[in-house]
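Read through the structure below, which is laid out as structure tokens, and then see the notes.
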Amino acid sequence: MATDKPRYTVSVDHDLFQQIEDFRFEHRFQTRSEATVELIRLGLESLKKEKDRSENEGKN
């Protein structure tokens, strides 16, 4: 299953690993990688919303 997507390795402690696994199974992701990518996407989306919100508050 070759891919052109960039790859890298991330090391996490046991507790974070378990949280990722729990998220994976609760949301029925087939792979840990898919679950991790979704968690990163959600985190980045949340940060962007927070930034946009604080920028808008500064304009008022």
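The values are calculated or read from the model by the stated rules, or taken from the named source; none is laboratory data. The structure presented is a predicted model; accordingly, all values stated were derived computationally and were not measured. All Cβ positions, glycine included, derive from the backbone under ideal geometry; neighbour counts span all protein chains shown. To get the accessible areas, we keep the full protein, side chains included, count just its heavy atoms, and leave off ligands, DNA and RNA. Shrake-Rupley method; radii C 1.70, N 1.55, O 1.52, S 1.80 Å.
Here the Karplus relation 6.51 cos²θ - 1.76 cosθ + 1.60, evaluated at θ = phi - 60°, turns the backbone of the range 35-48 into coupling constants of 5, 5, 4, 5, 5, 5, 4, 4, x, 5, 4, 5, 4, 5 Hz, with x for every Gly and Pro. Residue ranges 5-12, 40-47, 21-28 sort as 21-28, 40-47, 5-12 when ordered by packing (mean number of other C-beta atoms within 10 Å per residue, highest first).
Computed with a 1.4 Å probe over protein heavy atoms only, the accessible surface of the chain comes to 98 Å² per residue. Between 0 and 90 degrees, the angle of helix 14-26 with respect to the longest Cα principal axis of the chain falls at about 90 degrees.
Our estimate of slack between residue 57 and residue 19, defined as 0.36 nm per intervening residue step minus the Cα-Cα distance, is 10.4 nm. Under 18 Å of direct C-alpha separation, and excluding same-chain neighbours fewer than eight residues apart, residue 5 reaches these aspartates and glutamates: 34, 38. For the chain, what is the mean residue ellipticity at 222 nm derived from helices alone (per DSSP H run of n ≥ 4: -39500 (n - 2.57); sum divided by total residues; nearest 500 deg cm²/dmol)? Helix contribution divided over all residues of the chain: -23500 deg cm²/dmol. Coupling constants for the range 4-11 follow from the phi torsions by the Karplus curve (6.51 cos²θ - 1.76 cosθ + 1.60, θ = phi - 60°), and in residue order they are 8, 5, x, 10, 7, 9, 10, 9 Hz; glycine and proline get x. Of all lysines in the structure, those lying under 29 Å Cα to Cα from residue 59, and not within fewer than 8 positions of it along the same chain, are 48, 49, 51. For the chain, the alpha-carbon coordinates run over 49, 30, 22 Å along the three principal axes, in decreasing order.
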